[in-house]
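Chemist: Encoded as structure tokens, here's the structure I'll be asking about.
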Amino acid sequence: MEAYNNIGIKRRLRRFFRRNGRALIFAMDHGFEHGPTDFEENWEHIKPGIIIRKVVRAGVDGVMMLPGIARIAGEELIGKDVGLMVKLTSKTGLRPKEEWLMQDQLGFVEDAIKLGADAVAATVYWGSPYEGAMMRQFAEIASYAHDLGYPVVQFAYPRGPYINEKYGKKEDYRVVMYGARAAAEMGADMIKTYWTGSRETFAKVVDAASGVPVLLSGGAKTDNPVDFLKLVWEVIEAGGSGAVVGRNIFQRENPEPMIKALLRVIHRNEDPEEAAKAEGLI
Ligand SMILES: O=C(COP(=O)(O)O)[C@@H](O)[C@H](O)[C@H](O)COP(=O)(O)O
């Protein structure tokens with residue numbers, strides 16, 4: 001049974017990494033996690049069907065969303081060569097601030113499978129006072145998903161009072177590396193985490209993950225598209241496996257050139273400025 005399950009995990013992971021072991025995954029959990037105001041820069045993209053159609057047409061390797069968005073926009077994925085990652089934990093920014101260091105489970109592996117997911121995802125805030133609860137949540141999701149042959153992605157985000165006290169910021173490479181290592185040791189099949197500020201330090205994060213693919217968590221939209229392309233290029237040069245990107249795509253009026261430029265950088269190692277020029281971004 002185990003061997004069959006592992007083949008299932010490998011096959012489904014390949015739906016994201018099908019070209020060359022790297023992936024550009026479009027993230028759309030912001031309406032829940034940050035709130036609908038994230039879409040105000042380009043309000044049309046509040047409609048999942050519209051933005052998902054655009055990003056799929058532009059050629060992203062995968063999309064990541066919560067179960068409800070997968071229900072609303074799932075039609076756009078039918079017959080398309082794109083991986084679907086359904087995230088099963090989250091939090092809103094409306095809850096009391098003391099609870100911001102916790103993500104709760106909002107859906108189940110079975111539901112994700114019914115929605116046609118190729119992978120499920122859950123967040124662990126490493127260093128949070130609620131770290132234990134999120135570890136348990138991740139372990140339960142992973143155990144169940146792995147039994148059924150589904151890969152599990154960990155959003156491994158260092159966040160907590162001790163991190164601030166000892167390291168000053170959550171992007172310190174030592175804590176990002178620690179979180180990535182912890183995710184790998186928990187059995188994650190893919191890890192999404194923060195940029196550490198340099199290629200050298202991000203390479204250490206990749207090393208600590210010991211072969212589990214590490215993807216960048218995009219971050220806020222940059223004013224200059226080349227700045228974001230350069231960041232993703234550094235991730236690839238550091239041995240990272242790609243990026244999970246939301247705002248740098250959906251907050252642009254026309255996301256297609258940005259997606260195509262990102263695909264050039266991720267899949268062809270193209271120079272960021274050249275990629276931006278080729279897609280008419282500069
Ligand atoms: O992990 C998330 C939020 O992280 P955050 O609390 O903003 O650090 C997700 O909501 C996003 O999917 C992720 O940040 C990727 O989207 P962008 O950052 O590229 O918008």
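The values are calculated or read from the model by the stated rules, or taken from the named source; none is laboratory data. Worth saying up front: this structure is predicted, and the values here are computed from it rather than measured. For neighbour counting, all protein chains shown are included, and Cβ atoms are generated from backbone atoms with ideal geometry for every residue, glycine included.
Chemist: Considering segment 242-263 alone, what residues qualify as being touching a His at 6+ places or on another chain (Cβ under 6 Å) and either surrounded by fewer than 18 Cβ atoms within 10 Å (Cβ to Cβ) or outside any helix (DSSP H, G or I) (or both)?
Modeler: Start the filter on segment 242-263 by keeping residues that are touching a His at 6+ places or on another chain (Cβ under 6 Å), which leaves 246, 250.
Answer for segment 242-263, where residues must be touching a His at 6+ places or on another chain (Cβ under 6 Å) and either surrounded by fewer than 18 Cβ atoms within 10 Å (Cβ to Cβ) or outside any helix (DSSP H, G or I) (or both): just Gly246.
Chemist: Now for a separate question. Across segment 1-37, which residue is modelled with the lowest pLDDT among those that are surrounded by fewer than 17 Cβ atoms within 10 Å (Cβ to Cβ) and of a type in the set (A, V, I, L, M)?
Modeler: That would be Met1.
Chemist: Checking Val235 against (1) surrounded by fewer than 22 Cβ atoms within 10 Å (Cβ to Cβ); (2) within 19 Å of the chain's Cα centre (by Cα); (3) within 16 Å of the ligand (Cβ to nearest atom): exactly one of these is not met. Which one?
Modeler: All conditions are met except number (1).
Chemist: How many residues does segment 148-181 hold that are closer than 25 Å to Gly8 by Cβ and more than 15 Å from the ligand (Cβ to nearest atom)?
Modeler: Of the residues in segment 148-181, 5 are closer than 25 Å to Gly8 by Cβ and more than 15 Å from the ligand (Cβ to nearest atom).
Chemist: Filtering segment 107-123 down to residues that are without any contact (Cβ under 8 Å) to a residue 60 or more places away in the chain and in contact with a Ser or Thr (Cβ under 9 Å, 6 or more places away or on another chain), which residue is nearest to the ligand (Cβ to nearest atom)?
Modeler: Here is the first cut: in segment 107-123, the ones without any contact (Cβ under 8 Å) to a residue 60 or more places away in the chain are 107-117, 120, 122-123.
Filter once more, so that each one left must be in contact with a Ser or Thr (Cβ under 9 Å, 6 or more places away or on another chain): 107, 122-123.
Details: Gly107: 15, Ala122: 11, Thr123: 7 Å.
Among those that are without any contact (Cβ under 8 Å) to a residue 60 or more places away in the chain and in contact with a Ser or Thr (Cβ under 9 Å, 6 or more places away or on another chain), it is Thr123.
Chemist: Look through segment 154-165, keep the residues that are in contact with a Lys or Arg (Cβ under 9 Å, 6 or more places away or on another chain) and either of a type outside the set (A, V, I, L, M, F, W, C) or part of a helix (DSSP H, G or I) (or both), and return whichever of them is nearest to Tyr194 (Cα to Cα). Steps first, answer last, please.
Modeler: At the first step, the residues of segment 154-165 found to be in contact with a Lys or Arg (Cβ under 9 Å, 6 or more places away or on another chain) are 154-160, 163-164.
Imposing the further condition that a residue be either of a type outside the set (A, V, I, L, M, F, W, C) or part of a helix (DSSP H, G or I) (or both) reduces the set to 154, 157-160, 163-164.
On the way: Gln154: 12, Tyr157: 7, Pro158: 9, Arg159: 11, Gly160: 15, Ile163: 14, Asn164: 15 Å.
Applying the filter and picking the extreme gives Tyr157.
Chemist: Just name the residue that is nearest to the chain's Cα centre (by Cα) out of those in segment 72-104 that are more than 24 Å from Lys47 (Cα to Cα) and not hydrophobic (A, V, I, L, M, F, W, C).
Modeler: Here is the first cut: in segment 72-104, the residues more than 24 Å from Lys47 (Cα to Cα) are 95-104.
Checking the rest, the ones that are also not hydrophobic (A, V, I, L, M, F, W, C) come to 95-99, 103-104.
On the way: Arg95: 23, Pro96: 25, Lys97: 24, Glu98: 25, Glu99: 22, Gln103: 15, Asp104: 17 Å.
Ranking the qualifying residues of segment 72-104, first place goes to Gln103.
Chemist: While we're looking at this one, here's another question. Could you please give the count of residues in segment 171-202 that are part of a loop (DSSP other than H, G, I, E, B) and either aliphatic (A, V, I, L, M) or free of Cβ contacts under 8 Å to residues at least 40 places away in the same chain (or both)? Give the steps one after another, and end with the answer.
Modeler: Of segment 171-202, the ones part of a loop (DSSP other than H, G, I, E, B) are 171-172, 187-189, 194-198.
Cutting the leftovers down to either aliphatic (A, V, I, L, M) or free of Cβ contacts under 8 Å to residues at least 40 places away in the same chain (or both) gives us 171-172, 188, 194, 196-198.
So the count comes out to 7.
Chemist: For segment 216-240, how many residues are part of a loop (DSSP other than H, G, I, E, B) and in contact (Cβ under 8 Å) with a residue 12 or more places away in the chain? So that I can check it myself, show each step before the final result.
Modeler: To start, the set of residues in segment 216-240 that are part of a loop (DSSP other than H, G, I, E, B) comprises 218-224, 238-240.
Subsequent filtering for residues that are in contact (Cβ under 8 Å) with a residue 12 or more places away in the chain retains 218-222, 238-240.
Counting residues in segment 216-240 that are part of a loop (DSSP other than H, G, I, E, B) and in contact (Cβ under 8 Å) with a residue 12 or more places away in the chain gives 8.
Chemist: Now for a different question. Taking segment 241-265 as the search range and keeping residues that are touching a residue at least 40 places away in the same chain (Cβ under 8 Å) and away from the ligand (no atom under 14 Å from the Cβ), which one is farthest from Ile50 (Cα to Cα)? Lay out the reasoning, then the answer.
Modeler: Here is the first cut: in segment 241-265, the residues touching a residue at least 40 places away in the same chain (Cβ under 8 Å) are 241-247, 249-253, 255-256, 259-260, 262-263.
Narrowing further to those that are away from the ligand (no atom under 14 Å from the Cβ): 241, 253, 256, 260, 263.
Details: Ser241: 27, Glu253: 12, Glu256: 13, Lys260: 18, Leu263: 20 Å.
Taking the candidates together, the pick is Ser241.
Chemist: While we're looking at this one, here's another question. Tell me which residues, restricted to segment 13-59, are among the aliphatic types (A, V, I, L, M) and within 16 Å of the ligand (Cβ to nearest atom).
Modeler: So in segment 13-59, the residues among the aliphatic types (A, V, I, L, M) come out as 13, 23-25, 27-28, 46, 50-52, 55-56, 58.
If the condition is that a residue be among the aliphatic types (A, V, I, L, M) and within 16 Å of the ligand (Cβ to nearest atom), then Ala23, Leu24, Ile25, Ala27, Met28, Ile46, Ile51, Ile52, Val55, Ala58 are the ones that fit.
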